[in-house]
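Engineer: There's a structure below that I have some questions on.
Just so you know, all these numbers are worked out from the coordinates, no wet-lab data involved. Model, not experiment: these values are computed from the prediction. Here the Cβ positions follow ideal geometry from the backbone for every residue, glycine too, while neighbour counts run over all protein chains shown.
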Amino acid sequence: MALPNRLPKKAKRDTRWRSQAHLGFVRSFHCAVPGCQGMPIEAAHVRLGSGAGMGQKPDDFRAAPLCKFHHSSQHSQGEETFWSAYKAASGQSVDQLLDELCKASPKAAEIKRVKAERLVNV
């Protein structure tokens with residue numbers, strides 16, 4: 001017995017902005033958690049407020065510098081809890097941190113353009 005043709009798979013969110021240059025820039029900072037001197041530094045993608053669904057990574061411009069310990073904590077505690085504690089300790093929200101990183105990034109102009117395009121297409 002022959003099977004019918006399979007339905008085509010929907011493409012995973014192919015609009016995700018990727019940049020190794022920006023991720024390298026993010027990794028060039030100390031851990032964002034105040035007082036932490038942990039190493040190595042990882043570019044931790046922030047899903048909170050990103051619009052990325054389950055199993056989807058947010059855009060690379062939504063990455064923050066975290067040491068390996070705090071990156072693991074971000075996932076084990078849950079993003080909302082982790083970034084609320086970050087705000088209490090640092091005095092700034094994770095969105096403010098991400099905005100500052102984007103403005104200083106070597107890909108700042110490209111990030112600004114992609115964000116503007118997304119606002120128009122909403």
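Engineer: Grab the DSSP H runs of the chain that are 4 residues or longer, score each as -39,500 (n - 2.57), total them, divide by all residues and round the 222 nm result to the nearest 500 deg cm²/dmol.
Structural biologist: Numbers: 5 runs with 54 residues, N = 122.
Using -39500 (n - 2.57) per qualifying helix, the result is -13500 deg cm²/dmol.
Engineer: While we're on this one: Return, in residue-number order, each cysteine of the chain whose C-beta is not under 4.7 Å from any other cysteine's C-beta.
Structural biologist: Cys with no partner Cβ under 4.7 Å: 102.
Engineer: If you stretched the chain out fully between residue 85 and residue 99, how much longer would it get, using 0.36 nm times the residue separation minus the C-alpha to C-alpha distance? Spell out each step's value before the answer.
Structural biologist: Details: separation 14, 0.36 × 14 = 5.04 nm, distance 1.86 nm.
Length gained between residue 85 and residue 99: 3.2 nm.
Engineer: Collect residues whose amide H, placed 1.01 Å from N in the peptide plane, falls under 5 Å from the amide H of residue 45; neighbours closer than 5 in sequence don't count.
Structural biologist: Placed amide hydrogens put 64 under 5 Å from residue 45.
Engineer: With all distinct Cα pairs included, what does the Kirkwood hydrodynamic radius of the chain come out to in Å, to one decimal, could you say? Numbers along the way, then the final one.
Structural biologist: Numbers: mean 1/r = 0.0633 Å⁻¹.
After inverting the mean inverse Cα-Cα distance, the result is 15.8 Å.
Engineer: Over 22 Å between Cα atoms: which of 57/107; 87/115; 9/115 fall into that group?
Structural biologist: Working: 57/107 19 Å; 87/115 24 Å; 9/115 27 Å.
Check vs 22 Å cut-off fails for 87/115; 9/115.
Engineer: According to a simple spin-label model (label point 7 Å from Cα along Cα-to-Cβ), what is the distance in nm between residue 30 and residue 115?
Structural biologist: 2.5 nm
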